[in-house]
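Right, one structure below, let's go through it.
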Amino acid sequence: MIEPVKDALPARVNGSLDLTFCRESGQTRLRVVGQEPPLKVVRAFPQPGGGTLVHLHNLSGGVLGGDRLAVKVQVEPAAVVQLTTTSATRLYRSRSGLKEACQTTEIRVGEAGLLEYLPDPLIPFAGSFYRQTTTIDLAGGAGLMWWETVAPGREAMGEVFAYHSLETLLAITADGQPVALEHTRLEPARRPLTSPLRLGPYRYFGSFYICRVGVAPASWQALENRLNELATELSISGETLWGASQLPAEGLVVRAVSRHSRAIPTGLVEMWRISKQFVWGQEAILPRKTL
């Protein structure tokens, strides 16, 4: 009798990363408190000015249906950290009977610390369910530069808005006070994203948060004006739109929508360079992608 082949893939995976960054002798050091596959870091790369760069790996090649992933990052006082990914985050189709994939991220940035989170895009495959919750707490003088971009799916495969649901929740607090609360749930089959009330003709969208606790409101107004000048230069009617606006306190947010995959990542780099120089008086250094 021939036994049926069993599914070799686990029904779900519980992966985790717990990272702490501290400043020692003028250099930011990484301490891996814990890691469980498929999440993993390999090493930290020193950067000019005492910062460090770390790549976040997913050994599965993407997020599978039913996965439960948890990331904790502690940036201690005066530490300077740049986090990135080695490629786009692929959100795979959920198999029958599995719940949505979830990732929870908790971040704390200590006094005068800086975290730059500059990942590649999220790509939700057809049939995927994904929920992402991110909480970020900034202490006095702490800074954050955080972007995220979302693709419509695998366009080359004809998958445009073919995922079941994509839900993201983001909460940023500064000195214990909320400065940004965001909750988005996209269900293309139930609420078409091509509606003029949603994305309309656009397929790609992204956000970029720039925060630093203690910066004067007048400085944020000046940066908002400068970024909106750039937004006007980058915007092409019916193709790509950009805009920047202040948060209630301690920062601002940039939004973009586009019909094309390259427009938002390219524009984000320009927004980042201007913001890094304006707020920190430093050059923005692109993260290396090869290990």
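The values are calculated or read from the model by the stated rules, or taken from the named source; none is laboratory data. As the structure is a computational prediction, the values presented were derived from the model and not from experiment. Here the Cβ is made from the backbone with ideal geometry for all residues, glycine too, and neighbour counts use every protein chain on show. Accessible surface areas use protein heavy atoms only, side chains included; no ligands, DNA or RNA. Shrake-Rupley method; radii C 1.70, N 1.55, O 1.52, S 1.80 Å.
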Can you spot a residue in segment 159-166 that is in a strand (DSSP E or B), farther than 26 Å from Gly238 by Cα and either among the basic types (Lys, Arg) or open to solvent by 50 Å² or more (accessible area, probe 1.4 Å) (or both)? no
Considering only segment 145-156, state which residues are farther than 23 Å from Gln82 by Cβ and crowded, with 19+ Cβ neighbours inside 10 Å. Pro152, Gly153
Out of segment 99-118, which residues are among the basic types (Lys, Arg) and over 16 Å from the mean Cα position of the chain (by Cα)? Lys99
From Val13, Val80, residue being open to solvent by less than 60 Å² (accessible area, probe 1.4 Å) and at pLDDT 95 or above: Val80
The residue from Leu98, Leu115 that alone is part of a strand (DSSP E or B) and either among the aliphatic types (A, V, I, L, M) or touching a helix residue (DSSP H, G or I) at 6+ places or on another chain (Cβ under 8 Å) (or both) is Leu115
Filtering segment 42-77 down to residues that are open to solvent by 40 Å² or more (accessible area, probe 1.4 Å) and either outside any strand (DSSP E or B) or acidic (Asp, Glu) (or both) yields Val42, Arg43, Pro48, Gly49, Leu59, Ser60, Leu64, Glu76, Pro77
If we keep just the residues of segment 126-144 that are open to solvent by less than 20 Å² (accessible area, probe 1.4 Å) and part of a loop (DSSP other than H, G, I, E, B), which is farthest from His57 (Cα to Cα)? Ala142
Are there any pairs, at least 6 apart or on different chains, whose C-beta atoms fall under 7 Å, with the first in segment 120-136 and aromatic (Phe, Trp, Tyr) and the second open to solvent by 30 Å² or more (accessible area, probe 1.4 Å), and if so, which? Phe125/Arg90; Phe125/Tyr92; Phe125/Arg93; Phe125/Arg154; Phe129/Glu100; Phe129/His164; Tyr130/Glu100
Selection within segment 179-211 - open to solvent by 70 Å² or more (accessible area, probe 1.4 Å) and either touching a residue at least 12 places away in the same chain (Cβ under 8 Å) or part of a loop (DSSP other than H, G, I, E, B) (or both): His183, Arg185, Ala189, Arg190, Arg191, Thr194, Pro196, Leu197, Arg198, Pro201, Arg203
Please go through segment 216-257 and pick out each residue that is surrounded by 13 or more Cβ atoms within 10 Å (Cβ to Cβ) and in a helix (DSSP H, G or I). Trp220, Leu223, Glu224, Arg226, Leu227, Asn228, Leu230, Ala231, Leu234
Single match in Val80, Val63 (criterion: farther than 26 Å from Leu193 by Cβ and of a type outside the set (D, E, K, R)): Val80
Does Ile123 fit the bill of being in a strand (DSSP E or B) and more than 21 Å from Ile172 (Cβ to Cβ)? yes
Scanning segment 271-291 for residues that are loosely packed, with under 15 Cβ neighbours inside 10 Å and of a type outside the set (A, V, I, L, M, F, W, C), which turns out modelled with the lowest pLDDT? Thr290
